[in-house]
1. Would you check if there is a residue in segment 266-275 being surrounded by 15 or more Cβ atoms within 10 Å (Cβ to Cβ), within 19 Å of the chain's Cα centre (by Cα), hydrophobic (A, V, I, L, M, F, W, C) and within 19 Å of Lys142 (Cβ to Cβ)?
2. Within segment 312-334, can you find the residues that are outside any helix (DSSP H, G or I) and in contact (Cβ under 8 Å) with a residue 40 or more places away in the chain?
3. Tell me, which residue of segment 283-311 that is assigned to a loop (DSSP other than H, G, I, E, B) and at pLDDT 95 or above is surrounded by the most Cβ atoms within 10 Å (Cβ to Cβ)?
4. Which one is nearest to Pro7 (Cα to Cα) among residues in segment 203-229 that are crowded, with 22+ Cβ neighbours inside 10 Å and in contact with a Phe, Trp or Tyr (Cβ under 6 Å, 6 or more places away or on another chain)?
5. Can you say whether Arg77 is without any contact (Cβ under 8 Å) to a residue 12 or more places away in the chain, over 21 Å from Arg239 (Cα atoms) and either out of contact with any Ser or Thr (no Cβ under 9 Å at 6 or more places or on another chain) or assigned to a loop (DSSP other than H, G, I, E, B) (or both), as far as the supplied structure shows?
Amino acid sequence: MIRVDVPLAGDRSYPVLVGPDASAHLADVLPAGVRRAAIVTQAGIGLEVETGIEQRVFPIGDGEPAKSLATIEDLCRAFAAWGLTRGDVVVGVGGGVVTDVAGFAAASYHRGLPVVHVATSLLAQIDAAIGGKTGVNLPEGKNLVGAFWQPSAVLCDTAALDTLPEAEMRCGLGEMAKYHFIGGGDLEALDLEARIARCVEIKAEVVAADERESGRRAVLNYGHTLGHALETTGGYGLRHGEAVAIGLVYAAELGRALGRIDDERVAEHRRIVTGYGLPGRIPDDAVDGELLAAMGRDKKAVDGLTFALDGPSGVEVVSGVDGALVADTLASAR
(Lines give C-alpha, C1' and ligand atoms only; values in the text may rest on other atoms or scores of the structure.)
Protein backbone atom coordinates (compact mmCIF):
# COMPACT_ATOMS: atom_id res chain seq x y z
CA MET A 1 0.00 0.00 0.00
CA ILE A 2 1.36 3.41 -1.00
CA ARG A 3 0.26 6.44 1.01
CA VAL A 4 0.29 9.97 -0.41
CA ASP A 5 -0.84 12.88 1.74
CA VAL A 6 -2.63 15.93 0.35
CA PRO A 7 -1.22 18.73 2.55
CA LEU A 8 -3.81 21.45 3.16
CA ALA A 9 -3.96 24.34 5.60
CA GLY A 10 -5.26 23.73 9.09
CA ASP A 11 -6.41 20.24 9.95
CA ARG A 12 -7.82 19.43 6.50
CA SER A 13 -4.92 17.39 5.13
CA TYR A 14 -5.93 13.86 4.17
CA PRO A 15 -4.41 10.56 3.04
CA VAL A 16 -4.70 8.86 -0.34
CA LEU A 17 -4.05 5.12 -0.16
CA VAL A 18 -3.07 3.37 -3.39
CA GLY A 19 -2.99 -0.39 -3.71
CA PRO A 20 -4.95 -3.61 -4.14
CA ASP A 21 -7.87 -3.89 -1.72
CA ALA A 22 -7.38 -0.34 -0.44
CA SER A 23 -11.14 -0.30 0.11
CA ALA A 24 -10.65 -2.68 3.04
CA HIS A 25 -9.25 0.28 4.98
CA LEU A 26 -12.46 2.31 4.72
CA ALA A 27 -13.49 1.96 8.36
CA ASP A 28 -10.01 3.11 9.42
CA VAL A 29 -10.16 6.42 7.52
CA LEU A 30 -13.69 7.57 8.37
CA PRO A 31 -13.83 10.83 10.35
CA ALA A 32 -13.94 10.23 14.08
CA GLY A 33 -17.39 10.05 15.61
CA VAL A 34 -19.52 9.67 12.48
CA ARG A 35 -22.60 7.56 13.13
CA ARG A 36 -23.95 6.56 9.72
CA ALA A 37 -22.64 6.34 6.17
CA ALA A 38 -24.53 7.12 2.99
CA ILE A 39 -22.91 5.03 0.25
CA VAL A 40 -23.30 6.71 -3.15
CA THR A 41 -22.53 4.30 -5.98
CA GLN A 42 -23.77 2.84 -9.27
CA ALA A 43 -25.32 -0.52 -9.99
CA GLY A 44 -22.46 -1.69 -12.20
CA ILE A 45 -19.59 -0.90 -9.80
CA GLY A 46 -19.82 -4.23 -8.02
CA LEU A 47 -17.64 -3.28 -5.05
CA GLU A 48 -19.23 -3.74 -1.65
CA VAL A 49 -17.68 -1.77 1.20
CA GLU A 50 -17.93 -2.03 4.95
CA THR A 51 -17.80 1.10 7.10
CA GLY A 52 -18.21 -0.54 10.51
CA ILE A 53 -21.18 1.73 11.22
CA GLU A 54 -24.80 1.82 10.06
CA GLN A 55 -24.84 2.32 6.30
CA ARG A 56 -27.29 2.59 3.42
CA VAL A 57 -26.69 2.49 -0.34
CA PHE A 58 -27.92 5.33 -2.56
CA PRO A 59 -27.51 4.35 -6.24
CA ILE A 60 -27.29 6.92 -9.04
CA GLY A 61 -27.53 6.53 -12.81
CA ASP A 62 -24.70 5.68 -15.18
CA GLY A 63 -22.56 7.94 -17.35
CA GLU A 64 -22.40 11.68 -17.83
CA PRO A 65 -26.23 12.06 -17.79
CA ALA A 66 -26.04 11.23 -14.06
CA LYS A 67 -23.89 14.32 -13.48
CA SER A 68 -26.88 16.63 -13.23
CA LEU A 69 -28.64 18.91 -10.78
CA ALA A 70 -31.57 16.49 -10.89
CA THR A 71 -29.32 13.74 -9.49
CA ILE A 72 -28.14 16.04 -6.70
CA GLU A 73 -31.74 16.86 -5.79
CA ASP A 74 -32.72 13.20 -5.78
CA LEU A 75 -29.77 12.31 -3.55
CA CYS A 76 -30.33 15.13 -1.08
CA ARG A 77 -34.03 14.30 -0.80
CA ALA A 78 -33.13 10.67 -0.18
CA PHE A 79 -30.61 11.77 2.46
CA ALA A 80 -33.31 13.85 4.12
CA ALA A 81 -35.79 10.99 4.07
CA TRP A 82 -33.23 8.80 5.88
CA GLY A 83 -32.57 11.61 8.35
CA LEU A 84 -28.89 12.12 7.49
CA THR A 85 -27.23 14.78 9.68
CA ARG A 86 -23.89 16.55 9.99
CA GLY A 87 -22.84 13.77 12.32
CA ASP A 88 -22.85 11.35 9.40
CA VAL A 89 -20.63 10.80 6.35
CA VAL A 90 -21.09 10.38 2.60
CA VAL A 91 -18.96 7.69 0.91
CA GLY A 92 -18.57 7.75 -2.88
CA VAL A 93 -17.77 4.32 -4.31
CA GLY A 94 -17.06 4.35 -8.03
CA GLY A 95 -15.48 6.31 -10.83
CA GLY A 96 -15.29 9.99 -11.62
CA VAL A 97 -19.04 10.47 -12.08
CA VAL A 98 -19.70 9.00 -8.63
CA THR A 99 -16.99 10.99 -6.85
CA ASP A 100 -18.10 14.24 -8.52
CA VAL A 101 -21.74 13.67 -7.63
CA ALA A 102 -21.12 12.31 -4.12
CA GLY A 103 -18.73 15.16 -3.36
CA PHE A 104 -21.13 17.86 -4.58
CA ALA A 105 -24.07 16.30 -2.71
CA ALA A 106 -21.96 16.14 0.46
CA ALA A 107 -20.89 19.78 0.03
CA SER A 108 -24.48 20.90 -0.49
CA TYR A 109 -26.54 18.85 1.96
CA HIS A 110 -26.83 20.62 5.34
CA ARG A 111 -24.18 22.96 3.89
CA GLY A 112 -21.53 20.31 4.17
CA LEU A 113 -21.05 16.72 5.35
CA PRO A 114 -17.71 14.91 5.36
CA VAL A 115 -17.05 12.73 2.34
CA VAL A 116 -14.69 9.81 1.71
CA HIS A 117 -14.07 8.42 -1.77
CA VAL A 118 -13.36 4.82 -2.74
CA ALA A 119 -12.08 5.28 -6.29
CA THR A 120 -12.61 2.28 -8.54
CA SER A 121 -11.66 3.67 -11.98
CA LEU A 122 -8.30 4.89 -13.22
CA LEU A 123 -9.79 8.33 -13.94
CA ALA A 124 -11.03 8.68 -10.37
CA GLN A 125 -7.81 7.35 -8.85
CA ILE A 126 -5.47 9.79 -10.57
CA ASP A 127 -7.73 12.79 -10.91
CA ALA A 128 -11.45 13.04 -10.15
CA ALA A 129 -11.48 11.79 -6.56
CA ILE A 130 -8.55 13.93 -5.41
CA GLY A 131 -8.38 17.65 -4.81
CA GLY A 132 -11.89 18.59 -3.74
CA LYS A 133 -13.33 19.79 -7.06
CA THR A 134 -16.89 18.54 -7.34
CA GLY A 135 -19.53 19.37 -9.89
CA VAL A 136 -22.24 18.49 -12.35
CA ASN A 137 -22.97 19.41 -15.94
CA LEU A 138 -25.38 21.76 -17.64
CA PRO A 139 -26.50 21.48 -21.27
CA GLU A 140 -24.23 24.48 -21.89
CA GLY A 141 -21.08 22.76 -20.65
CA LYS A 142 -19.31 20.31 -18.35
CA ASN A 143 -18.81 20.92 -14.63
CA LEU A 144 -20.34 24.40 -14.71
CA VAL A 145 -22.06 23.95 -11.33
CA GLY A 146 -20.15 22.66 -8.33
CA ALA A 147 -18.15 23.36 -5.21
CA PHE A 148 -14.72 22.91 -3.69
CA TRP A 149 -15.17 20.27 -1.01
CA GLN A 150 -12.17 18.27 0.14
CA PRO A 151 -12.63 14.62 1.09
CA SER A 152 -11.50 13.24 4.44
CA ALA A 153 -9.65 10.41 2.66
CA VAL A 154 -9.38 8.72 -0.73
CA LEU A 155 -8.87 4.99 -1.25
CA CYS A 156 -7.57 4.00 -4.70
CA ASP A 157 -8.38 0.32 -4.95
CA THR A 158 -6.18 -0.87 -7.80
CA ALA A 159 -7.71 -4.38 -7.67
CA ALA A 160 -10.88 -2.82 -9.07
CA LEU A 161 -8.99 -1.97 -12.27
CA ASP A 162 -8.67 -5.68 -13.11
CA THR A 163 -12.33 -5.79 -14.12
CA LEU A 164 -12.63 -2.24 -15.45
CA PRO A 165 -14.03 -2.12 -19.01
CA GLU A 166 -11.53 -1.04 -21.65
CA ALA A 167 -13.54 2.10 -22.41
CA GLU A 168 -13.27 3.19 -18.77
CA MET A 169 -9.53 2.52 -18.73
CA ARG A 170 -9.17 4.78 -21.77
CA CYS A 171 -10.87 7.56 -19.82
CA GLY A 172 -8.15 7.35 -17.20
CA LEU A 173 -5.31 6.94 -19.67
CA GLY A 174 -6.18 10.30 -21.24
CA GLU A 175 -5.72 11.96 -17.86
CA MET A 176 -2.55 9.96 -17.21
CA ALA A 177 -1.11 11.22 -20.52
CA LYS A 178 -1.62 14.76 -19.21
CA TYR A 179 0.62 14.11 -16.19
CA HIS A 180 3.57 13.35 -18.47
CA PHE A 181 3.69 17.09 -19.25
CA ILE A 182 3.01 18.56 -15.79
CA GLY A 183 5.82 17.05 -13.76
CA GLY A 184 5.44 13.35 -14.42
CA GLY A 185 9.04 12.85 -15.45
CA ASP A 186 9.69 9.32 -16.65
CA LEU A 187 6.23 7.90 -15.91
CA GLU A 188 6.81 5.31 -18.60
CA ALA A 189 9.44 3.61 -16.43
CA LEU A 190 6.96 2.88 -13.61
CA ASP A 191 4.51 0.03 -13.19
CA LEU A 192 0.82 0.94 -13.09
CA GLU A 193 0.49 1.14 -9.32
CA ALA A 194 3.56 3.36 -8.96
CA ARG A 195 2.41 5.43 -11.92
CA ILE A 196 -0.96 6.03 -10.23
CA ALA A 197 0.80 7.06 -7.01
CA ARG A 198 3.06 9.47 -8.92
CA CYS A 199 0.04 11.09 -10.57
CA VAL A 200 -1.55 11.46 -7.14
CA GLU A 201 1.64 13.09 -5.82
CA ILE A 202 1.63 15.61 -8.66
CA LYS A 203 -1.99 16.50 -8.11
CA ALA A 204 -1.46 16.76 -4.35
CA GLU A 205 1.43 19.18 -4.85
CA VAL A 206 -0.60 21.37 -7.20
CA VAL A 207 -3.71 21.33 -5.01
CA ALA A 208 -1.70 22.24 -1.91
CA ALA A 209 -0.27 25.26 -3.74
CA ASP A 210 -3.61 26.42 -5.22
CA GLU A 211 -6.57 24.72 -3.59
CA ARG A 212 -9.33 26.79 -5.20
CA GLU A 213 -7.94 27.12 -8.72
CA SER A 214 -7.00 30.79 -8.52
CA GLY A 215 -3.78 30.26 -10.44
CA ARG A 216 -1.46 27.28 -10.81
CA ARG A 217 -4.11 24.61 -10.33
CA ALA A 218 -5.54 25.39 -13.76
CA VAL A 219 -2.56 23.50 -15.25
CA LEU A 220 -4.42 20.34 -14.25
CA ASN A 221 -6.85 21.27 -17.02
CA TYR A 222 -4.14 20.80 -19.65
CA GLY A 223 -5.87 19.41 -22.74
CA HIS A 224 -9.31 19.98 -21.25
CA THR A 225 -10.36 23.19 -23.02
CA LEU A 226 -10.83 21.49 -26.36
CA GLY A 227 -11.51 18.15 -24.65
CA HIS A 228 -14.54 19.50 -22.80
CA ALA A 229 -15.71 21.30 -25.95
CA LEU A 230 -15.65 18.02 -27.85
CA GLU A 231 -17.68 16.37 -25.09
CA THR A 232 -20.15 19.25 -24.80
CA THR A 233 -20.89 19.55 -28.50
CA GLY A 234 -21.16 15.75 -28.50
CA GLY A 235 -22.03 13.24 -31.14
CA TYR A 236 -18.49 11.97 -31.78
CA GLY A 237 -18.57 8.83 -29.66
CA LEU A 238 -15.64 10.06 -27.54
CA ARG A 239 -15.03 9.14 -23.91
CA HIS A 240 -13.62 11.79 -21.59
CA GLY A 241 -10.05 10.48 -21.77
CA GLU A 242 -10.15 10.28 -25.54
CA ALA A 243 -11.39 13.88 -25.75
CA VAL A 244 -8.63 15.03 -23.38
CA ALA A 245 -6.02 13.17 -25.46
CA ILE A 246 -7.15 15.05 -28.58
CA GLY A 247 -7.10 18.23 -26.48
CA LEU A 248 -3.51 17.57 -25.43
CA VAL A 249 -2.32 17.29 -29.00
CA TYR A 250 -4.33 20.36 -29.99
CA ALA A 251 -2.86 22.33 -27.07
CA ALA A 252 0.62 21.35 -28.26
CA GLU A 253 -0.22 22.51 -31.79
CA LEU A 254 -1.53 25.80 -30.40
CA GLY A 255 1.55 26.18 -28.22
CA ARG A 256 3.75 25.73 -31.29
CA ALA A 257 1.68 28.27 -33.25
CA LEU A 258 2.32 30.76 -30.44
CA GLY A 259 6.05 30.02 -30.50
CA ARG A 260 6.02 28.46 -27.04
CA ILE A 261 7.26 24.98 -28.01
CA ASP A 262 8.96 23.39 -31.01
CA ASP A 263 8.19 20.55 -33.41
CA GLU A 264 9.99 18.00 -31.24
CA ARG A 265 7.79 18.79 -28.23
CA VAL A 266 4.64 18.49 -30.36
CA ALA A 267 5.88 15.11 -31.59
CA GLU A 268 6.38 14.02 -27.97
CA HIS A 269 2.73 14.85 -27.24
CA ARG A 270 1.64 12.71 -30.16
CA ARG A 271 3.95 9.86 -29.10
CA ILE A 272 2.60 9.77 -25.54
CA VAL A 273 -1.03 9.95 -26.66
CA THR A 274 -0.69 7.26 -29.33
CA GLY A 275 1.39 5.16 -26.92
CA TYR A 276 -1.67 4.92 -24.70
CA GLY A 277 -3.73 3.86 -27.71
CA LEU A 278 -5.69 7.13 -27.74
CA PRO A 279 -6.81 9.33 -30.63
CA GLY A 280 -4.90 12.52 -31.39
CA ARG A 281 -6.93 14.17 -34.13
CA ILE A 282 -10.19 16.10 -34.05
CA PRO A 283 -13.05 14.07 -35.56
CA ASP A 284 -13.89 15.04 -39.13
CA ASP A 285 -17.53 15.76 -38.28
CA ALA A 286 -16.74 18.17 -35.41
CA VAL A 287 -17.94 21.69 -36.28
CA ASP A 288 -15.28 24.35 -35.67
CA GLY A 289 -17.79 27.09 -34.84
CA GLU A 290 -19.44 24.92 -32.18
CA LEU A 291 -16.07 24.02 -30.68
CA LEU A 292 -15.00 27.68 -30.55
CA ALA A 293 -18.24 28.68 -28.83
CA ALA A 294 -17.87 25.88 -26.27
CA MET A 295 -14.23 26.80 -25.57
CA GLY A 296 -15.34 30.39 -25.00
CA ARG A 297 -17.59 29.16 -22.17
CA ASP A 298 -14.79 27.23 -20.48
CA LYS A 299 -14.56 28.04 -16.77
CA LYS A 300 -10.98 29.31 -17.19
CA ALA A 301 -12.12 31.86 -19.80
CA VAL A 302 -12.23 35.01 -17.66
CA ASP A 303 -10.21 37.09 -20.15
CA GLY A 304 -11.03 35.86 -23.64
CA LEU A 305 -10.10 32.43 -24.94
CA THR A 306 -7.93 30.83 -22.26
CA PHE A 307 -5.82 27.67 -22.43
CA ALA A 308 -3.33 25.76 -20.33
CA LEU A 309 -0.34 25.60 -22.69
CA ASP A 310 3.11 24.06 -22.60
CA GLY A 311 6.09 26.37 -22.83
CA PRO A 312 9.73 26.97 -21.79
CA SER A 313 8.71 27.02 -18.10
CA GLY A 314 6.29 24.13 -18.40
CA VAL A 315 2.51 24.21 -18.63
CA GLU A 316 0.91 27.50 -17.60
CA VAL A 317 -2.35 29.35 -18.18
CA VAL A 318 -2.41 31.69 -21.18
CA SER A 319 -5.37 34.04 -21.55
CA GLY A 320 -6.52 36.28 -24.37
CA VAL A 321 -5.43 33.87 -27.10
CA ASP A 322 -6.34 35.24 -30.54
CA GLY A 323 -9.54 33.64 -31.81
CA ALA A 324 -8.35 33.52 -35.40
CA LEU A 325 -5.25 31.58 -34.38
CA VAL A 326 -7.37 29.19 -32.31
CA ALA A 327 -9.61 28.61 -35.34
CA ASP A 328 -6.68 28.12 -37.71
CA THR A 329 -5.13 25.59 -35.36
CA LEU A 330 -8.39 23.65 -35.22
CA ALA A 331 -8.17 23.25 -38.96
CA SER A 332 -4.55 22.08 -38.86
CA ALA A 333 -5.16 19.63 -36.00
CA ARG A 334 -7.53 17.40 -37.96
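The values are calculated or read from the model by the stated rules, or taken from the named source; none is laboratory data. None of the values given here were measured: they were computed from a predicted structure. Please note: Cβ atoms are built from the backbone with ideal geometry, for glycine as well, and neighbour counts cover all protein chains shown.
1. Among the residues of segment 266-275, not one is surrounded by 15 or more Cβ atoms within 10 Å (Cβ to Cβ), within 19 Å of the chain's Cα centre (by Cα), hydrophobic (A, V, I, L, M, F, W, C) and within 19 Å of Lys142 (Cβ to Cβ), which makes the answer no.
2. Correct list: Pro312, Gly314, Val315, Glu316, Val317, Val318, Val321, Ala333, Arg334.
3. Within segment 283-311, the subset assigned to a loop (DSSP other than H, G, I, E, B) is 283-287, 297-306, 310-311.
Add one more test, that the residue is at pLDDT 95 or above, and what stays is 310-311.
Details: Asp310: 25, Gly311: 14.
Of everything passing the filter in segment 283-311, Asp310 is surrounded by the most Cβ atoms within 10 Å (Cβ to Cβ).
4. Across segment 203-229, the extreme among qualifying residues is Thr225.
5. yes
Per-residue answers, yes or no, for (1) touching a Lys or Arg at 6+ places or on another chain (Cβ under 8 Å); (2) part of a helix (DSSP H, G or I):
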{"site": "Val90", "(1), (2)": "no, no"}
{"site": "Phe104", "(1), (2)": "no, yes"}
{"site": "Ala107", "(1), (2)": "no, yes"}
{"site": "His110", "(1), (2)": "yes, yes"}
{"site": "Ile130", "(1), (2)": "yes, no"}
{"site": "Asn137", "(1), (2)": "yes, no"}
{"site": "Val145", "(1), (2)": "no, no"}
